[in-house]
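Take a look at the structure set out below.
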Amino acid sequence: MEEGVEEVKVDVDQLQHVEHIVPDRKLRAVPVLLLSCIVFGLASAAFAWTTLRVHDRQMSAEANEKAVAFVLGTPGLQTSEQPATGGGSVTAFYSPKLHRFAITGHDLPSLTGGRTYEFWYRTSPDAAPKPVGNSRFNGPQNDVVVVSLPAQVTAVEVTVEPSGDAHTPSSAPIAELKFG
């Protein structure tokens, strides 16, 4: 034998024991690996879902801004503003040419308990009000809601209604905005 090299004797029984230990350790790593993949997958899905929701909100806000600008830029635009019963005020911008109006609330009381501000239009002073949309007007900035109408209007009313699509007003208008 050369100097510095030792002869190593391996017992066959010890070698078989080592062969059984290595696969057992590999098998114990599989659940950890699977769990890591699941956690990473869930985190990726949550990130993607959040990103899509933010993008959708941004696109919706941009579309609303364009619709508001389109209404406000129309020749012959009519404006009506009125203090609201209970505080605040409501302003509507009506385009007879487009049959659309944009409406915003200023300092209106926050609604609770499943209530919403409902919008109604009238085609003549004696016509029954017809539903046309709603808003909570509870954002940090005033909402501006753009509504398309089927006909010329003479007035837009705002009432406080239970959330959902009301077919007739259940309360007196808090504001009535007249046009024409």
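The 3J(HN,Hα) values that the Karplus relation (6.51, -1.76, 1.60; θ = phi - 60°) gives for segment 98-106 are, in residue order, 8, 6, 9, 9, 10, 10, 9, x, 10 Hz. Gly and Pro appear as x. Using a 1.4 Å probe over the heavy atoms of the protein chains, calculate the carbon and sulfur portion of the accessible area of segment 73-178 as a whole percent. C and S fraction of accessible area: 51 percent.
Using a 10 Å cut-off on Cβ atoms, rank the peptides 86-95, 37-46 from the highest mean neighbour count down.
Values: 86-95: 19.0, 37-46: 10.0.
With the highest mean Cβ count within 10 Å placed first, the list reads 86-95, 37-46.
The values are calculated or read from the model by the stated rules, or taken from the named source; none is laboratory data. Computed from a prediction, not measured in an experiment: that's the story for all the values here. Cβ sites come from the backbone with ideal geometry, for glycine too, and all protein chains shown count toward neighbours. Quick note on the areas: whole protein, heavy atoms, side chains included, nothing else; ligands and nucleic acids left out. Shrake-Rupley method; radii C 1.70, N 1.55, O 1.52, S 1.80 Å.
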